[in-house]
Amino acid sequence: EIGDIPDLPEGVPEHFREQGIEELYPPQGEAVEAGVAEGESVVASVPTASGKTLVAELAMLTSVARGGKALYIVPLRALASEKKAEFEEFEQYGVDVGVSTGNYDSDGDWLAQKDIIVATSEKVDSLVRNGAQWVDDLTCVVADEVHLVDSKNRGPTLEVTLAKLRKINHDLQTVALSATVGNADEIAEWLDATLVDSTWRPIDLQKGVLYGQALHLDDGSKKQISRGNEKATAALVEDTLTDDGSSLVFVNSRRNAEAAARRLGDVTRDYLTPEEQTELRDIADRIRDASDTQTSDDLADAVEKGSAFHHAGLSSESRELVEDAFRDRLVKVISATPTLAAGVNTPSRRVIVRDWRRYDGDVGGMKPLDVLEVHQMFGRAGRPGLDPYGEAVLIANSHDELDELFDRYVWADPEPVRSKLAAEPALRTHILATVASGFADSEDELVSFLERTLYATQTDETGRLETVTQNVLEYLERNEFLERDEGNLRATGLGHRVSQLYIDPMSAAEIIDGLRSADDRPTAMGLYHLVSRTPDMYELYLRSGDREELTELAYERESEFLGSMPSEFEDNAFEDWLSALKTARLLEDWASERDEDDMAEEYGVGPGDIRGKVETAEWLLNAAERLAGELGLDSGPAVREAKKRVEYGVAEELLDLAGVRNVGRKRARRLYDAGIENRSDLREADKSVVLGALRGRRKTAETILENVGRKDPDMEGVEADGEVSVADA
Ligand code: ADP
């Protein structure tokens, strides 16, 4: 029982009771037995939605009550604020919670005051690199979704970060939360933790495969799903609706999610009460208000009918509105890409895994999803206390496929988690950081540090880690990031800088080369292309027709690019170079005030993607500016200007105005066109002109005038100059 746990802050047991948590779930009980509330390390490998969060909370709260400090590592930035909000419930019992997001190059000193800190592994890694002092005070670290150490891109950071934190404090309590995986015992061995391995779930889960009209369930029973002309997914969604339940549909691409949401809206619309229709219309309006793009419009149209889509291209406001409306049972079905399964807490009566194959760039074709992924989707089925049971369904198109899906996903165990650390790009980054932040000052120490990783626990390929490590050390030495002297290792000033900037050393090398070859005033395009071809900027695919158009652009503006252009005959290099040009042109369009909607259409991406590119470019240009400073190059101001232009999404002439809070790209342009060209104009301008340019929005005008430091921002009695449409006012 929770009341029996010593060291919980006063009031917390009662708090849990009020939340309906009276008794511990069996896996939670096992974790407490293993000492999770007494500072012991535990790996909890239990199904989705089986109460892992409480295990983490017990560990962190007791650690804090004993005078310690806890860190909760989330796998996705989107989850950081959600977790923070959850933990803030404990602030009334004297526990301070902080979330660390934002730039990767600060030390976050203010976090020293907090008892529980929430951050992504990348953020923690960068805080350690920047010498955050409070890291030394940590007594408890929780790694959520620790099975993601298996991920090629992000796994190594989590792995190395845990190894570093455990090296700083040998007694650090480590609590790792994992989906059910095949080899949780290896993770426990790596972390010197007790394993809690359970398949218990708070609500029954039935798994099955639909073939024709028959839903074959894993207990051997069959259910009839009536479907006239309906497609399988629509029939399943409708069947759930007749039982007053909601469905979650997993598909393999954003476009498919949007298309499915549109089609399923025709099913759900007939099941809405008039009150629900009113509330949904209201939510749809808020989605339209939140962002002015085709994607939001499409989403709002679907939501009005009780259907929604969910993918990483949505703005965070829209995403939250959709998730809340689903939890409130207003939205009856969400069509989602797998990101939703990775953590957002949106359980549903029925989960439908419509696509079990996904396009994979590495194999150049469709690839079956991992069992682990499909089981995590399954795990979203069933809301404890609300649904009698959860149901997870795959769809077969032939009798053979029916058998295959049972074997592949229903009966199968998830695959084991494997470390991806031994890959060169991962080691390049982490070895430099490990040396630069003082975790190893010789090759021997480096190797013994790397032996604290999961990779070392798992590998029986002796020598592989040493070989890759040697290659990486040579690369870092050649690029003047590291110095080696008889087995001793030392990061150079440049190496320290690169590590703190949190960029791949290869990106740094590319940027340095480019800047060195440039004159004092490289163009924005030249700089955008430079950062777009680094490994830290993910590529935009070239579509048919792109190649020709981009090749033409490449020759037209050849003089602007920094460094040499590969020849058209070097197929792959040229293709990559063009793909970077596509990104660079997107950035240039954005910095030339092109409409977001037009851009999304032209580049075939969602508004979230444009933001993603813009943010990455800002970060890399910031790094470029610092590197220029470090190397004493004169291109710093040009880099800074290019950075500001992507940051605000405006042409050069608007930079001053767009920097004023609440102005933004569109308003800056309207003010400028009304003759207000900079901040001092704005402070002096005739109020009626300002109001006219801001389309008669008094409140906005007052806020902006206040922000620019005008003494008399009051707009009372001012009439807007120029035509103001009724809708705008
Ligand atoms: P996980 O992190 O494993 O995916 P959560 O921690 O989000 O799952 O738990 C799912 C739900 O179960 C939450 O709404 C939580 O409040 C509830 N819950 C957790 N533990 C208990 C318990 N012991 N008794 C009742 N409800 C619980």
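Reported to the nearest whole Å, the Cα centre-to-centre distance from the stretch 126-175 to the stretch 187-217 is 27.
Rolling a 1.4 Å probe over the protein chains gives Lys222 an accessible area of about 140 Å². Taken one residue at a time, the phi angles of the stretch 68-78 give Karplus couplings (6.51, -1.76, 1.60, θ = phi - 60°) of x, 9, 10, 10, 10, 9, 9, x, 10, 4, 4 Hz. Gly and Pro are set to x.
Placing unit charges on the Cβ atoms only, positive for Lys and Arg and negative for Asp and Glu, gives the chain a dipole magnitude near 920 debye about its Cα centre. The phi torsions of the stretch 296-310, fed into the Karplus equation with coefficients 6.51, -1.76 and 1.60 and a -60° offset, translate into couplings of 5, 4, 4, 4, 4, 4, 5, 4, 4, 9, x, 10, 8, 10, 8 Hz, rounded to whole numbers, with Gly and Pro shown as x.
The convex hull defined by the C-alpha atoms of the chain has an orientation-averaged projected area of 35.4 nm². Could you tell me the center-to-center distance, by alpha carbons, between the stretch 308-342 and the stretch 617-692 in angstrom? Rounded to whole Å, the Cα centres lie 34 Å apart. Excluding Ala642 itself, what net charge comes from residues whose Cβ is under 11 Å from its Cβ, given Lys and Arg +1 and Asp and Glu -1? Computed value for this residue: -1.
Annotation: per residue accessible area for the chain equals 43 Å², rounded to a whole number [probe 1.4 Å, protein chains only]. Sparsely packed loop sites in the stretch 610-654 (the trypsin sites (Lys or Arg not before Pro) outside DSSP H, G, I, E and B with at most 14 other Cβ atoms within 10 Å) do not occur. Working from Cα pairs under 8 Å separated by at least six residues, relative contact order for the chain is 10 percent. In terms of its C-alpha gyration tensor, the stretch 424-501 has a prolate overall shape, because the principal axis ratio a/c (a ≥ b ≥ c, square roots of the eigenvalues) is not below 1.5 and a/b outweighs b/c.
How about the stretch 535-592: which trypsin sites (Lys or Arg not before Pro) there are in a DSSP loop, with at most 14 other Cβ atoms within 10 Å of their Cβ? Please list the in-between numbers first.
Details: sites: Arg543, Arg547, Arg557, Lys582, Arg585; in loops: Arg543, Arg557.
Here the sparse-neighbourhood loop sites are Arg543.
Annotation note: GluC sites (Glu not before Pro) in the stretch 436-489 located in DSSP loop regions with a Cβ neighbour count of at most 12 within 10 Å are Glu451, Glu461, Glu486. Would you mind pulling out the separation of the Cα centroids of the stretch 22-98 and the stretch 497-546, in Å? Spelled out, the Cα-based centre of one part sits 40 Å from the other.
Could you please report the charge total around Glu625, scoring K, R as +1 and D, E as -1 over all other residues with beta-carbon less than 9 angstrom from its beta-carbon? Within the 9 Å Cβ shell, the charges total +3.
With a 1.4 Å probe and all protein chains left in place, how much of the accessible area of the stretch 347-498 comes from carbon and sulfur atoms, in whole percent? Carbon and sulfur atoms account for 44 percent of the accessible area of the stretch 347-498.
Can you give the helix-only mean residue ellipticity at 222 nm for the chain, where every DSSP H stretch with n ≥ 4 adds -39500 (n - 2.57) and the sum goes over all residues, rounded to the nearest 500 deg cm²/dmol?
Details: 31 runs with 336 residues, N = 729.
Rounded to the nearest 500, it is -14000 deg cm²/dmol.
Take every pair of alpha-carbon atoms less than 8 Å apart whose residues are at least six positions apart; their mean separation over the length of the stretch 653-729 yields a relative contact order of 31 percent. Counting only DSSP beta bridges whose two residues both lie in the chain, roughly 25 percent are antiparallel.
State which stretch of the chain is the longest one without any exposed chymotrypsin sites (Phe, Trp or Tyr not before Pro), exposure meaning a DSSP loop state and at most 15 other Cβ atoms within 10 Å.
Values: sites that count: Trp200, Tyr389, Trp411, Tyr538, Tyr541, Phe569.
Result, exposed sites excluded: 1-199.
For the set Lys231/Lys367; Lys69/Lys420; Lys123/Lys207; Lys152/Lys231; Lys83/Lys114, the pairs lying more than 26 angstrom apart at their alpha carbons are Lys69/Lys420; Lys123/Lys207; Lys152/Lys231.
With the gyration tensor restricted to C-alpha atoms of the stretch 357-425, the semi-axes of the equivalent ellipsoid amount to 27, 19, 11 Å, longest first.
Neighbours of Thr101, meaning other residues whose beta-carbon lies under 11 angstrom from its beta-carbon, give a summed charge of +2 when Lys and Arg score +1 and Asp and Glu score -1.
The values are calculated or read from the model by the stated rules, or taken from the named source; none is laboratory data. Computed from a predicted model, the values in this text were never measured in an experiment. Cβ: placed from backbone, ideal geometry, glycine included. Neighbour counts: every protein chain shown. We work out accessible area using only protein heavy atoms, side chains counted, and drop any ligands, DNA or RNA first. Shrake-Rupley method; radii C 1.70, N 1.55, O 1.52, S 1.80 Å.
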